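Derivation of every value follows stated rules applied to the coordinates shown; laboratory data play no part. This one's a predicted model, so the numbers in the text were calculated from it and none came from an experiment. Note: ideal-geometry Cβ built from the backbone for every residue, glycine included; neighbour counts use all protein chains shown.
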Amino acid sequence: MDLTEDNELYLKIGEGDERAFQILFRKYYASMCNYAHQILEDKELAEEIVQDMFVKIWEKRQTLIIETSVKNYLFRSVRNHCLNQIQHEKIKKQYAGRVLELARQEIDPEQYFIEVDLIRRIEESIASLPPKRREIFRLSREQGMKYREIAEALNISEKTVEAQMGLALKHLRVELKDYNNDLITLLFIFGK
C-alpha cells in the first residue's frame, strides 16, 4: 500500500501537484534528515542536504524518472549527496593541509597564487558543466566510482557515462588550457 501511495504521489508531483509534494516531503523529511545525520554527524548540514534534494526533485519533476521505489530513490539520493559532501570536505582538508605544508617551506609566492587560481578555475570549470555531466564527473573523480557503478547508481548506460565523461574532460581541457600543471593531469588520469 505504501509503495502504491508513494508512486501515486510521485506521479502527481510530475504533474505539478504541490499538495502531493508536501505530503511526500512531510512523510520522509524527518527520517531522511536522521539518515543523513547518521552519515554526516552534522544535523544542520543533514537538513540542508535533504532540503536541497527535495528542491531538486521539485525542479526536475517533469523530467525525473524513478525506476525503483520512490522511498529507495529518496534515501539513495540523500546517501549520494552526503557522500559527495564528505568527499568535498575531504578534498578541502587535503588542500588546506597542502597549503600549510607549503607555508612551512620556502616557496615562491607567485607559484602559490598560480596554484590557488588553478584550483578556483578547476572548481568553476566543473561547476559550469551541465548538471548531469557534472554529477557523473564528480562521482567518478571525487568518489572514485567506476563507470559501471555510476551507470548503475544513476540508472543510465555505461556508454552514456563514458560519453559524458569524455565531454566533461574535453570541456575541462579547453577551460584549463592556460595551465601547465600536474594538478590538471590528476583530473584526467583517475577513473573508469
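Looking at (1) over 15 Å from the mean Cα position of the chain (by Cα); (2) touching a residue at least 12 places away in the same chain (Cβ under 8 Å); (3) in a helix (DSSP H, G or I), which is the only condition residue 53 fails?
The failed condition is (1).
Take the conditions among the small types (Gly, Ala, Ser), part of a helix (DSSP H, G or I) and touching a residue at least 40 places away in the same chain (Cβ under 8 Å) and apply them to residue 46. Does it pass? Spell out the reasoning first.
Working: among the small types (Gly, Ala, Ser): yes; part of a helix (DSSP H, G or I): yes; touching a residue at least 40 places away in the same chain (Cβ under 8 Å): no.
No, not satisfied.
What are the residue pairs meeting all of these: first residue in segment 1-30, first residue without any contact (Cβ under 8 Å) to a residue 60 or more places away in the chain and closer than 10 Å to residue 70 by Cα, second residue surrounded by 11 or more Cβ atoms within 10 Å (Cβ to Cβ) and not hydrophobic (A, V, I, L, M, F, W, C), Cβ atoms under 8 Å, and 6 or more apart or on different chains?
These pairs meet every condition: 24/6; 24/10.
Of the residues 63, 68, which single one is within 19 Å of residue 149 (Cβ to Cβ) and outside any helix (DSSP H, G or I)?
Answer to the check: 68.
Would you pick out the residues in segment 152-163 that are more than 22 Å from residue 85 (Cα to Cα) and in a helix (DSSP H, G or I)?
Scanning segment 152-163 gives 158, 159, 160, 162, 163.
Do you know which of the residues in segment 69-91 that are without any contact (Cβ under 8 Å) to a residue 24 or more places away in the chain and surrounded by fewer than 15 Cβ atoms within 10 Å (Cβ to Cβ) is farthest from residue 5 (Cα to Cα)?
Taking the candidates together, the pick is 90.
Name the residues in segment 133-151 that are aliphatic (A, V, I, L, M), more than 13 Å from residue 167 (Cα to Cα) and assigned to a helix (DSSP H, G or I), would you? Don't jump to the end; show me each part of the working.
Taking segment 133-151 as the starting set, the residues that turn out to be aliphatic (A, V, I, L, M) are 136, 139, 145, 150-151.
Retained after the next criterion (residues that are more than 13 Å from residue 167 (Cα to Cα)): 139, 145, 150-151.
Across segment 133-151, the qualifying residues are 139, 150, 151.
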